[in-house]
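Inspection log for the structure reproduced underneath, given as structure tokens.
The values are calculated or read from the model by the stated rules, or taken from the named source; none is laboratory data. Keep in mind that this is a model prediction, so the values were computed, not measured. Protein only, heavy atoms only, side chains kept; ligands, DNA and RNA dropped before computing areas. Shrake-Rupley method; radii C 1.70, N 1.55, O 1.52, S 1.80 Å.
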Amino acid sequence: MAAVEVLLSVLMLVIIVVSLLSNGVVLICFLYNPQIRKQVPCVFTLNLTFCNLLLTVSNMPLTLVGLVNKAQPGSDTFCQLVGFSETFLTTNSMLSMAALSIDRWIAVVFPLRYHSRIRHRDAALVLGYTWIHSMSFSTAAACLSWVGYRPLYASCTLSDVTDNSQTPFVVFTVVFHSLTFLLSFLVLCVTYLKVLKVARFHCRRIDVITMQTLVLLVDIHPSVRERCLEEKKRRRQRATRKISTFIGTFMVCFAPYVITRIVELFPSVPIDHRWGVVSKCLAYSKAACDPFVYSLLRNQYKKTCGDIINRLLKPSSMNASGPGHHDNHETRGRNNTVQTAAD
């Protein structure tokens, strides 16, 4: 193997490990904390986590095998099944991200009516659409024999195996990516930009109140005034940073792969196989990023992780401090007895 292929294999292995651990932690937090389970967005988060875990277990290792062996992993039927699952899981995860952005938009723009507008039943209906949408495209591709091993990506994915239906396959590929990647991207941009607009409006209102308070408190210490101004600046940057993370990770991970899939429809444009694998790795890396972007960096998940760690370490810490703790009780008891006798 060339040095580039070795690096790509290591990168794929790192993505698999990180994705398994991070999505596993999200699933553990979901099972441990009942407050997380009561929230409506947890339906989309759980669906996204399961899609990422299944993609990590079923597709990523086979792509790694195809990259190392430079050959199709398994039989044609097995490869078609793997390609079907990849199409379904990738489409489902994209639509789940779009559903999460819609949920955040309603929660921020209509906070007083959020609980009446978005309930678990409504979330289940949206989730049902994502499943129908994903199943329709993946089933159509499998029935038309447009799923197979693609050496350009070293994986079982969408591919015109028969080479007898180029025009229909081109139309299907363009429609598929338009209604999955492009649609999800537009939903993310519209909803999160509206969320950012509302967040900046509230920041301006808070800033006006803060500045009026600082003007009235003429005797306030300069350090307190400086901290208030710094907090105002951090508050503005925090909302922009979060929105940029949501949209940026989606584009950085999925856009190179989708653009490559569109470009390869033109036979006259050559594409290096190493770039194809790189774009595939970027698409897979979204499964490793999602737990941090949507879950683990939130305070509720951080607190849950801390509680789980403390609960795991508590028995061992008690056992480790058991004898000393008992001796301290005995020592304090003897001291109290001596003190009572002296009195």
Tell me, what is the percent relative contact order of the range 43-125, built from C-alpha pairs under 8 Å that lie six or more residues apart?
45 percent
Using alpha-carbon positions, what is the distance between the centroids of the range 120-199 and the range 1-58, in Å?
20 Å
Cα-Cα over 31 Å, subset of 242/314; 286/314; 38/197; 70/286; 197/280:
242/314; 286/314; 197/280
Tell me, what HN-Hα J-couplings in whole Hz come from the Karplus equation 6.51 cos²θ - 1.76 cosθ + 1.60 at θ = phi - 60° for each residue of the range 268-279, using x for Gly and Pro?
6, 9, x, 10, 5, 5, 5, 5, x, 5, 4, 5
So, how do all the Cα-to-Cα distances of the range 1-160 break down into 5 Å bins, in percent, from 0 on up?
1, 9, 15, 16, 17, 14, 11, 8, 5, 3, 1, 0
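Working with all protein chains in place, sort 131, 146, 105 by solvent-accessible area computed with a 1.4 Å probe, largest first.
131, 105, 146
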Suppose a student asked you for the relative contact order of the range 115-169, using Cα pairs under 8 Å spaced at least 6 residues apart; what percent would you report?
20 percent
